[in-house]
Amino acid sequence: MHRSAIVFLHFLLSVSLFAGFVFASGLRSDYPPISADFALEQALLSYTNSARRQAGLSELKMDEHLAIAARAHARDMATLNYLSHESPNPETATLALRVAKAGSVAQMVGENLAFIPDSNDLAQATVNGWLESPGHRANILEPNFSHVGFGIASDGKGNRYLAQVFSNQPLELAQASVMRENKTVYKIKVKLDIKEPREVALFYGEDVLEPRWLEPGRRSLEFSSELQESLHLRAGSRLQSKGFILQDEGWLQLATNRWQESSTTPKNDLSIADVSAERQNNSQYRVRLEFAAPPAAALAVWVAGQYQEVQLRGAELSLAVPADLSEPVIDIGLQQKNQRFAIVMRLKLATEGLEPELVPYR
């Protein structure tokens, strides 16, 4: 086989910082089932990883999402007789669109392509050809790439189209789920009587309302609580730099909206005059993500561009998304050595169907 019979192209997308099946990840592919030559894909992986080992790099792991994107593009090129990173199909025009359509949330991706006549050792001939091309070699030996997928298709004339799709996945998604939750929230209104100007803190349950400076007179503070039975409420004022001193306290029975103040607190310069609760029924989406391993660095999440408090327990992430947001994008970032966050995963919460679902953001 002559080297001139091999045609190669390459393409690499870099990661961006601070953007903001059901398969193993729990995200479905929008591609129909695609046949695969698993033996040839494994041979391509073996030759690729051999080159990386010789360069002192870690081996790439096979990724089913990337393989689906590669298989679909190889089949598209073989069917329409073209060799390009750009498909004539608008829905799969770019590598980023193809990877997302396959169900991957990877943000840094790359691609090698090849057109080659049939060969006794197609895998070795293809990888050797890629390694002899500086651009393709750079993709294969890119230290940041961690996963790969392959696709092979024939045009029926003895010619093969091959695609090799890479990704960087510092945070590998293992499972993803979303469900709608209806919850009861109580809006609490507290009226305070204050004799002198002072900084006041309101403690409720295990939480505290941010301290604020209040002028004399009757003042109102409001907050929300998800507790369903009773709420222990305490009001305190700051004593110079020694923290807050308890001035008044009591219990609010949420179900009956009944306030019972304590008879043992001093009530000197600050007292609780009245407390009332208004019941509200709110809806939200509960998103749960399970990673293959706990994050190796600090993790941050933005929902619709706003920083979101989340619960991270080991490799499991849970966050609440308000139901009134219109298909919000969820950005997940990992802290880098420069202390900034790189967005490594982007999901959209799709709610137009019968059931909410998480899909890669295109």
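The values are calculated or read from the model by the stated rules, or taken from the named source; none is laboratory data. Keep in mind it's a predicted model, so treat the numbers as computed, not measured. Cβ placement follows ideal geometry from the backbone for every residue including glycine, while neighbour counts extend to all protein chains displayed. In case anyone asks, the SASA skips ligands and DNA or RNA and just uses the protein heavy atoms, side chains included. Shrake-Rupley method; radii C 1.70, N 1.55, O 1.52, S 1.80 Å.
What the table shows:
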item	result
Set of lysines near LYS195 by C-alpha distance (under 19 Å), chain-local residues within fewer than 8 positions excluded	LYS267
Relative contact order of region 313-362, pairs being alpha-carbon contacts under 8 Å that are 6 or more residues apart, as %	27
Paired Rg and Dmax values of region 140-282, which use every Cα atom, in angstrom	28.9, 94
Loop trypsin sites (Lys or Arg not before Pro), region 176-239, which have at most 14 other Cβ atoms in a 10 Å radius of their Cβ (DSSP)	LYS195
Of LYS189/LYS348; LYS183/LYS337; LYS191/LYS348; LYS61/LYS101, those spanning more than 32 Å from alpha-carbon to alpha-carbon	LYS189/LYS348; LYS183/LYS337; LYS191/LYS348
Calculated Rg and Dmax of the chain using C-alpha coordinates, Å	29.0, 96
In region 32-94, chymotrypsin sites (Phe, Trp or Tyr not before Pro) in a DSSP loop with at most 14 other beta-carbon atoms within 10 Å	TYR82
Cα-based convex hull volume of region 302-362 per residue, rounded to whole Å³	108
Environment charge at ARG160 (Cβ cut-off 12 Å; Lys +1, Arg +1, Asp -1, Glu -1)	-1
15 Å beta-carbon shell around MET345, net charge (K/R +1, D/E -1)	-1
For the chain: accessible area per residue (Å², 1.4 Å)	51
Ellipticity estimate at 222 nm from DSSP helix runs (n ≥ 4, -39,500 (n - 2.57)) divided over the chain, nearest 500	-5000 deg cm²/dmol
Accessible surface of the chain, 1.4 Å probe, proportion on carbon and sulfur as whole %	47
